[in-house]
1. In the neighborhood of Pro23, defined by Cβ-to-Cβ distances under 12 Å, what is the net charge if each Lys or Arg adds +1 and each Asp or Glu adds -1?
2. Mind putting a number on the dipole of the chain about its Cα centre? Charges go on the C-beta only, +1 for Lys and Arg and -1 for Asp and Glu, and I need it in Debye to the nearest 20.
3. About the Cα centre of the stretch 111-209, what is the dipole size in debye to 20, counting +1 per Lys and Arg Cβ and -1 per Asp and Glu Cβ, all else neutral?
4. With only alpha-carbon atoms counted, please give the Rg and Dmax of the chain, in Å.
5. Hey, with R₀ at 45 Å, roughly what FRET efficiency would Tyr193 and Ser85 work out to, going by the Cβ-Cβ distance, to 0.05?
6. In the stretch 97-197, carbon and sulfur make up what percent of the accessible area (probe 1.4 Å)?
7. On a full-extension model of 0.36 nm per residue, what is the gain between Ser34 and Lys148, subtracting their alpha-carbon distance, rounded to one decimal in nm?
8. From the square roots a ≥ b ≥ c of the eigenvalues of the alpha-carbon gyration tensor of the stretch 117-243, which class results: rounded (a/c under 1.5), prolate (a/b over b/c), or oblate?
Amino acid sequence: MGIIYIGDRAVGKTSLAQELANPRNRYVKVTNLSYQGGKPQATDDISSTYEKPLQIQVELPTGIKSLMVEWIDTPGEIWRSSWQSNQTHKWESFLEKLAGSEGILLILPPYREILLPQVPDPDEYITQKQWVNRFDVWVDFFATRCTKVRHLLICLNMADLFISNLKKEAGMLGYVPSGSQMNWQQRDDYLRYKTNYFYPITNQINKLTKSIDGSSIRCFVTSIHNRELLELPWIYLATYLAK
């Protein structure tokens, strides 16, 4: 069992992974990805999956913890029965890895209605309705295929596009070894119930919590422009799953 880093294409997974390898880190670093060597490229074939291992080290008060992560990039076609029939081996391999994972990071893009007024070309982002419909697919998938997952992290990415004061928000949510302002439960409650970030899918998240018995589902906001928010999901996973 391991940790899966997943999400649809064009949600910023590559940029997040690349920025995580930035040597100007705080508590998290990637040991097998070169920051200066260029971004890892996903396959150009939109009908194929792309997989890459990530070796991550996290500095906790109890010592350096290691996380082995499998980064899986999926095409939109993967959810079509025709793709699953024509790509049987890839589909079965995908299901096997997801079904055996202990931790999953699901990276979501922001939806159009949540964007800050100054964001250029808002029409390039999906609408809230499309965003909710897409998340419904993930809910059904996780509920039936990932029953063994212990920790599911739902990360709303590109937080700099929908949070006006990113530094202030990160200061409140951020990790401090000697004592953070919030514990993990308080962070999740704040993001899920006291902001509008995850409001459109609150019912789906609650449904998923009931469907995957014994699992912990947490919400995070991430951005390549803020190291504290970028590292937070990995610190959480290291706290509970690292060797």
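1. On the way: positive: Arg24, Arg26, Lys29, Arg227; negative: Glu19.
Residues near Pro23 contribute +3 overall.
2. Details: 27 positive and 25 negative charges, 127 e Å.
So the magnitude is around 620 debye.
3. On the way: 12 positive and 10 negative charges, 92 e Å.
It works out to roughly 440 debye.
4. Using the Cα atoms of the chain, the pair Rg, Dmax is 17.2, 53 Å.
5. On the way: r = 41 Å, r/R0 = 0.92.
With a Förster radius of 45 Å, E is 0.60.
6. Values: 2390 of 4840 Å².
Carbon and sulfur atoms account for 49 percent of the accessible area of the stretch 97-197.
7. Details: separation 114, 0.36 × 114 = 41.04 nm, distance 3.24 nm.
Extra length available between Ser34 and Lys148 comes to 37.8 nm.
8. Numbers: a/c = 1.91, a/b = 1.04, b/c = 1.83.
It is oblate, given that a/c is not under 1.5 and a/b is not larger than b/c.
The values are calculated or read from the model by the stated rules, or taken from the named source; none is laboratory data. Because the structure is predicted, anything quoted here is derived from the model rather than measured. We place every Cβ from the backbone using ideal geometry, glycine too, and count neighbours over all the protein chains shown. Ligands, DNA and RNA are excluded from the accessible area calculation, which covers all protein heavy atoms including side chains. Shrake-Rupley method; radii C 1.70, N 1.55, O 1.52, S 1.80 Å.
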